[in-house]
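Values quoted throughout were computed directly from the atomic coordinates according to the rules given, and no laboratory measurement underlies them. Note that the structure is predicted; figures quoted are calculated from it, not measured. Here the Cβ positions follow ideal geometry from the backbone for every residue, glycine too, while neighbour counts run over all protein chains shown.
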Amino acid sequence: MVFGDLGSGPIATSAPNIADAVCPDRDVAIIYDTASGNGGDTFDLDLQSQQGNVLVIEEDLADTDGDGDPDDCSNGGDLVIDFSGVDAGGVTVDFVTILDIEQATGANTIDLLGPGDAFITSVDIPFTGDGGITPPIDLGPTAGVVKMVFHFVTSGAVDDLVFTEPEEARVRVG
């Protein structure tokens, strides 16, 4: 979980996927450090070392394939960011940066959901190529977002998510 700068509730991340032979830990969302050079994505996510920590769907926590871990699942899946701990009415999402999209535009999307998982809108994730990076993807700004669901057909990573919480949810001390 991640906490906002102003100390409001947690932001939960998950990967509600079904494990498969290629990605036995496809149901785990992890932070991958593109600058470490220690993972299994030397010619992939590590090409964007300036990004540092990114959020990915894990391939295999136990490194069963011997490729060095961690690394992102090449079979893709869904990555969920849940803001309900910040505000049940949602936050306003502005921009997000995505890395390593290897399928054509339209195959990978971001769904923005409101309270009760009500569909707000869907945004296409542009093709980057292996190890590529998008410019910031404009998400509106879209208010009332409780969940963001990133649908990846193949590998992919989430970074630089810019959002604001409702004014009434902000708490300042001092």
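Counting Lys +1, Arg +1, Asp -1, Glu -1, what net charge surrounds residue 95 among other residues with beta carbon under 11 Å of its beta carbon?
-4
Please list, in chain and number order, the residues 5+ apart from residue 76 or on another chain whose amide H is under 5 Å from its amide H, with Hs placed from the backbone.
HN-HN under 5 Å from residue 76: 155.
Count charges around residue 149 for me, please; just the other residues with Cβ under 14 Å from its Cβ, Lys/Arg as +1, Asp/Glu as -1.
That works out to -4.
Please list 3J(HN,Hα) in residue order for region 80-86, calculated via the Karplus relation 6.51 cos²θ - 1.76 cosθ + 1.60 where θ = phi - 60°; whole Hz, with x for glycine and proline.
With the stated coefficients, region 80-86 comes to 10, 10, 10, 9, 4, x, 7 Hz.
Which cross-chain or sequence-distant (5 or more) residues have an amide H under 5 Å from the amide H of residue 91, H modelled 1.01 Å from N in plane?
Residues meeting the amide H criterion: 144, 145, 146.
Could you check the simple spin-label distance between residue 107 and residue 124, using points 7 Å along Cα→Cβ, in nm with one decimal?
The answer from the label model is 1.4 nm.
Below 8 Å between Cα atoms, with a sequence gap of 6+, how large is the relative contact order for region 74-155 in percent?
48 percent
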